[in-house]
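Input: a single structure, listed below in structure tokens.
No lab work stands behind these numbers, since they all come straight from the coordinates. Only a predicted model underlies this, so the values are computations on that prediction, with no experimental measurement involved. Glycine also receives a Cβ, built like all others from the backbone with ideal geometry; neighbour counts cover every protein chain displayed.
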Amino acid sequence: MNSFNLQNIVRKHILNLAPYSSARDEYTGKEGIFLDANENPIGSATPENWNRYPDPYQWQIKEKLAPLKGCRPTQIFLGNGSDEPIDLIIRLTCEPQHDNVIILPPTYGMYEVSASVNNVEIQKINLTSDYQINTEKVLSAINPKTKLIFICSPNNPTGNIIDRHAILKIINNFQQGIVVIDEAYNDFADEPSFIPELDNFPNVMVLQTFSKAWGLASLRLGMAFANEELIKLLNKIKYPYNINGLTQKSLLENIDNVNFVKESVKTLNQNRDSLKTALKELAIVEHIYPSDANFLLVRFSNAKQIFDYLIEQKTIVRDRSKVVLCDNSLRISIGTEQENNHLLSLLTNYSEKL
């Protein structure tokens, strides 16, 4: 029986909060003489005019995005990267020094950072040795003050898909809060998104991003998908103009370019598999973890020394050795064929000198 009630989860003062009303809230038309927002009517100090405030709710983008994601425009929140909705969902639901969130290390570091910034207690339930959810431990850790559970799938930094049955069990048994499913790397995986199932799961928020497969990391545009009531509350507490006009314009002009996304995913997945095959031949490589993302987590015989050596060669990977369950491991983003071959050449030279 579904007992989810968002009104019981959201902090009470936010339910009663009167949100800031911007000039573009009060008049949403495109035509007219705009004397309402204290903008510069002369133009901009740049060749292209950016003197008018952008749409605070990015409706044109949402209307184009909804059919691509299998949802309604009103189920979409756009943020300054996925980090913004991560921070907002914590601020929306968690009373500082009172409530708690559950994270599943090793995982994306911003869940812990955002909770810590908001002075919210963090419960850590480590993944198993094969980087899957210890479902019973997670469910037994839930207490009356638990508001959020963060699940990253495919997981960062490990790259693997989290078992869907385990996620569903947590969703069905955690009605007192919200399960945040971070699908930042979903484009690279065969696993279906949870977005089309949102009407069945009011206690779920899904995160995705334009930074990876879309190649728009510099534009800083993340997506959150949830039931309409939750999206309205996120809009209530966000900064008025959280997505700048240049980002909105760039995406609107190119959001139909889904072929680039498909071809990028195809190429990067092929490059990932080729890199994995070649890495297996190196004596310094102890294990390569399964990946459904655009990176590989690789355990080396001496990861820190290899990391330092690659830095000296101006080839940068990510040292994850100090992360729980990732001893002696480097996370390698998948590059172009030429970049991957350069990395392999450096690692081969290093291995042969031992």
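Details
- Under 27 Å from Lys276, Cα to Cα: lysines that are on another chain or at least 8 residues apart: Lys212, Lys262, Lys266, Lys304, Lys314, Lys322, Lys353
- Separation of alpha-carbon centers, region 1-44 and region 301-338, rounded to whole Å: 44
- Put the Cα centre of region 207-262 next to the Cα centre of region 68-82 and the gap is 7 Å.
- Ranking of Met205, Met223 by neighbouring Cβ atoms within 10 Å, starting from the fewest: Met223, Met205.
- Note on Glu63 and Gln132: their simple-model spin labels are 4.5 nm apart, each label 7 Å out from Cα toward Cβ.
- Global form of region 259-352, assessed from the alpha-carbon gyration tensor, a/c cut-off 1.5: prolate
- For Met205, residues with placed amide H under 5 Å, excluding near neighbours: Val179, Val180, Ile181
- Relative contact order [Cα under 8 Å, 6+ residues apart], region 126-189, whole percent: 39
- Cβ-placed point charges (K, R +1; D, E -1), dipole of region 259-352 about Cα centre in debye, nearest 20: 300
- Between the amide H of Tyr108 and those of Asn156, distances stay under 5 Å, these residues lying 5 or more places away or on another chain, with hydrogens modeled in the peptide plane.
- Order of Thr28, Thr107 - criterion: other Cβ atoms within 10 Å of each residue's Cβ, fewest first: Thr28, Thr107
- Under a model in which nothing but the beta-carbon of Lys, Arg (+1) and Asp, Glu (-1) is charged, the chain shows a dipole of about 440 debye around its Cα centre.
- Antiparallel content of DSSP bridges confined to the chain, in %, to 5: 55
- For region 6-256: rounded, prolate or oblate by the Cα gyration tensor [a/c cutoff 1.5]: prolate
- Förster-model FRET efficiency, 56 Å R0, Ser301 and Ala166, C-beta, rounded to 0.05: 0.95
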